[in-house]
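K.L.:
Dropping a structure here in structure tokens format, bear with me for questions.
Readers should treat all values here as calculations from the given coordinates under stated rules, not as data from a laboratory. All of these numbers come straight from a predicted model, not from anything done at the bench. Note that each Cβ is placed from the backbone with ideal geometry, even for glycine, and that neighbours are counted across all protein chains shown.
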Amino acid sequence: MRFEDDIQVRPASIDDWQPAMDLAWRTFLRFDADDYKREGIDNFKEFVTDSKLYRNFCEGRYPLFVALIKDRIVGLISLRNDNHISLLFVDGDYHRRGIGRALMEYTRQYLLNEVNINSATVFAAPYAYSFYEAEGFSKIGEETERDGMKFTPMEMFF
């Protein structure tokens, strides 16, 4: 699917996995890590380097979609448990260019048409909370800290 500024969003291939996880890690360090304790940072690093997560992706149990501009991965979104957004990151050099919105729209269409689900949930990091709110998510619980990571549970119906 193509969006503004020649943003293309598509399912990730096996070859996209490592560049996507590297992007998630770099972006997390740049924008999110200051909101987390050392335990949370270590847990996030462990998550994006987990071989079991990669195996689940390879076996089709962990959908990952990537946003590209001129064949360069500039964003990613992944799902677990059918409709829970597990990761959503956009390269910091590409913020505010519609990439996050394009990833969300692709995911909405995927959930509606492929999974037949009309909602999504997310544990929004403090840095991303306003993005999710602007996308139509509503807070369904108070900010929580678990395993050193802060997040606010949110949900959106579409």
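K.L.:
Considering each of Arg72, Arg97, Arg10 in turn, give the residue that is of a type in the set (Lys, Arg), farther than 28 Å from Arg146 by Cβ and buried (at least 16 other Cβ atoms within 10 Å of the Cβ).
P.N.:
Criteria check complete, one pass: Arg97.
K.L.:
Looking at segment 138-149, can you tell me whether even one residue there is within 16 Å of the chain's Cα centre (by Cα) and surrounded by fewer than 15 Cβ atoms within 10 Å (Cβ to Cβ)?
P.N.:
no
K.L.:
Please verify whether Ala124 is within 20 Å of Pro19 (Cα to Cα) and of a type in the set (Gly, Ala, Ser), treating the condition exactly as stated.
P.N.:
No.
K.L.:
Which members of segment 29-45 meet the condition of being in contact with a helix residue (DSSP H, G or I) (Cβ under 7 Å, 6 or more places away or on another chain) and either over 14 Å from His95 (Cβ atoms) or small (Gly, Ala, Ser) (or both)?
P.N.:
Ala33, Asp35, Ile41, Phe44, Lys45
K.L.:
Confirm whether Asp82 is surrounded by fewer than 16 Cβ atoms within 10 Å (Cβ to Cβ), more than 30 Å from Arg38 (Cβ to Cβ) and within 14 Å of the chain's Cα centre (by Cα).
P.N.:
Yes, satisfied.
K.L.:
When residues of segment 111-134 are filtered for being touching a strand residue (DSSP E or B) at 6+ places or on another chain (Cβ under 8 Å) and farther than 15 Å from Val90 by Cα, how many remain?
P.N.:
9
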